[in-house]
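Shown next, in structure tokens, is the structure this report addresses.
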Amino acid sequence: WKEIQTNTFVNWANIHMQDRNLGIENLEEDMKDGVRLCALVEVLQNKKIVGKVVQNPKNSHQSLQNATVALTAVANDNVKLVNIGK
């Protein structure tokens, strides 16, 4: 079931991000630096994220900063994330 959900999400995200020439092949690997997550949030919100996105993160701190910026943008749109696992 998790594999089906993962594949469905990856396909959905790739459709939305194709104009940015960013794709996801491996969800865990491709999203771990937060760059694609920020791009996906920008595409879905149809606006630039407020905050600094490190395009080429060099360490886990910068990757975490990217994820925080993306999740803050989602929260600022009053979207509640519940029952989200790893």
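The values are calculated or read from the model by the stated rules, or taken from the named source; none is laboratory data. As the structure is a prediction and not an experimental result, all values here were calculated from the model. Surface areas here come from the heavy atoms of the whole protein model, side chains and all, with no ligands, DNA or RNA. Shrake-Rupley method; radii C 1.70, N 1.55, O 1.52, S 1.80 Å.
A few points about this structure:
- Spatially close lysines, pair count over the chain: Cα under 17 Å, gap of eight or more or interchain: 4
- The heavy atoms of Ile49 present about 10 square angstrom of accessible area, all protein chains included, probe 1.4 Å.
- Most to least accessible of Asp19, Asp33 (protein chains only, probe 1.4 Å): Asp19, Asp33
- Tensor-based shape of segment 43-83 (alpha-carbon gyration tensor, a/c under 1.5 rounded, otherwise prolate or oblate): oblate
- Relative to one another, the C-alpha centroids of segment 6-20 and segment 29-73 are positioned 16 Å apart.
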